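Written out below as structure tokens is the structure these notes cover.
The values are calculated or read from the model by the stated rules, or taken from the named source; none is laboratory data. Keep in mind that what you see is a predicted model, and the values were worked out from it rather than measured. In this analysis, Cβ positions are derived from the backbone assuming ideal geometry, glycine residues included, and neighbour counts consider all displayed protein chains. Ligands, DNA and RNA are stripped out before the accessible areas are found, and what is left, the full protein with its side chains, is counted by its heavy atoms. Shrake-Rupley method; radii C 1.70, N 1.55, O 1.52, S 1.80 Å.
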Amino acid sequence: KNATGGLQAVSTDSNSNYNSLQMTLSRQTSKRLQYFLTYTFSKALGVTATDETGTEIDPIDARNRTYGILPFDRTHVINVSYTYVLPELARGSLDNKFTRGVLNGWQMSGITTYSSGAPMYLRFGGDINNNVAFAAFGTNAFTTTGRAAGGITPVFLRDPSLDGGSSQGDKILDIGALGIPNFPGSGPFQSPFYLRSPHRWNHDVTFFKNFIFTETRKLQFRAAFFNLFNQAYPRWFGIADNNNDINTTLNVTCNVRRDNVPNGNGTNNSVCDPTGGFSFTQDTIDNFGRITRKRGHRVVELAVKFYF
């Protein structure tokens, strides 16, 4: 029993499915280069996922209202690992004992990763959540956590995705492509479009060389570059919360309010009249779909190891 006097029945029922095409390619093209490549084309669907904290599914019609793309879904994932023995640089006039020791014998290894962006979920906030679901559907038993849509969802006039770049401040979603349903209607509970955060590239590269003194003693120098090209990206956590780097808040305000409405406790309230419709707040119009911050930076590590 919760604080408002209601009863909540909890069931651990859930279902999900994952389908993928996986490919690998491993090859040594010469004595200098070898690589290993993997590619995964996949889709993850279900009503909930293990990485969704505090998630509840819709108790009325989970299959139609909650089932959809899961937060960990990444359509395309490519991983390439490789090692390469660099050509000898001590040549011609530079070919002497000192330059051979410094310039020759270097090796490079690395891992390059590409992945599609995370699914993004849109939901309303503000006045439309204040008992409107109860008025429209006769119950307020719609989840308001995680990626679930809630009782009322946006209308998609067209695909809201924009090719607006990936810099901080850029907009990647168009508020003009979304509408607010008239009471007591609702938009689709699962988006008809694949809304994704920007994809991610990452390159980790290491250069190393062994300086051999004797058969049992050598010195290894290693320089490692994580996120070599210093590529920052906005992160989407797979749930609708305030920690995301992309503003997907669809706050609305009530167009018509009724004053002096008895609340049953001997006092009167000012309440929203859902039949009068709703409007997006100015902050939503200005900032919806905007990249608010980016994460990631280059990390360089230098190491020296002595073998004896």
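Work through the residues other than residue 285 whose Cβ is under 15 Å from its Cβ and net out their charges, Lys, Arg +1 and Asp, Glu -1.
Net charge around residue 285: -1.
Using the Karplus equation 6.51 cos²θ - 1.76 cosθ + 1.60 (θ = phi - 60°), what ³J(HN,Hα) coupling, rounded to whole Hz, does each residue of the range 216-228 give in order, writing x for Gly and Pro?
Karplus-based 3J(HN,Hα) across the range 216-228 equals 10, 10, 8, 10, 10, 9, 9, 10, 10, 10, 9, 6, 3 Hz.
Summing Lys, Arg as +1 and Asp, Glu as -1, what charge do residues with Cβ under 10 Å from the Cβ of residue 44 carry, residue 44 excluded?
On the way: positive: 43, 74; negative: 73.
Computed value for this residue: +1.
Could you sort out which of 31/305; 31/97; 97/218 sit more than 22 Å apart by Cα distance in this structure?
As for pairs spanning more than 22 Å Cα to Cα, those are 31/305; 31/97.
Taking every Cα atom in the range 249-308, find the radius of gyration and the maximum pairwise distance Dmax, and write them in Å.
Cα only, the range 249-308: 26.9, 87 Å (Rg, Dmax).
Keeping every protein chain in place, order 41, 221, 288 by accessible area at 1.4 Å, biggest value first, i.e. largest first.
If we order 41, 221, 288 from most to least accessible, we get 41, 221, 288.
Which order do 155, 205 take when ranked by solvent-accessible area (1.4 Å probe, heavy atoms of all protein chains), largest first?
In descending accessible area the options line up as 155, 205.
Nearest 500 deg cm²/dmol is fine: what mean residue ellipticity at 222 nm does the chain get from its DSSP H runs of n ≥ 4 alone, each adding -39,500 (n - 2.57), divided by its residue count?
-1500 deg cm²/dmol
Report the Cα centroid-to-centroid distance between the range 149-197 and the range 19-34 in angstrom, as an integer.
Taking the Cα centre of the range 19-34 as reference, the centre of the range 149-197 is 39 Å away.
Take the alpha carbon atoms of the range 244-308, find their center, do the same for the range 54-88, and report the distance between the two centers in whole angstrom.
The two parts, judged by their Cα centres, are 24 Å apart.
Any idea what diffusion coefficient the chain gets from Stokes-Einstein, in µm²/s, Kirkwood Rh on alpha carbon pairs, 4 °C, 1.567 mPa s?
54
If the reach is capped at under 30 angstrom between alpha carbons, list the lysines near residue 294, excluding any in the same chain fewer than eight residues apart.
Correct list for residue 294: 43, 171.
Of 108, 120, which has the most accessible area and how do the rest follow, probe 1.4 Å?
Descending accessible area places them as 108, 120.
Tell me the accessible surface of residue 301 in square angstrom (1.4 angstrom probe, heavy atoms of protein chains only), to the nearest ten.
The accessible area of residue 301 comes to roughly 100 Å².
What's the local net charge at residue 94, with K and R +1, D and E -1, over the other residues with C-beta under 14 Å away? If you can, show how the numbers build up before the last one.
Values: positive: 91, 97, 100; negative: 88, 95.
Overall, the nearby charge balance is +1.
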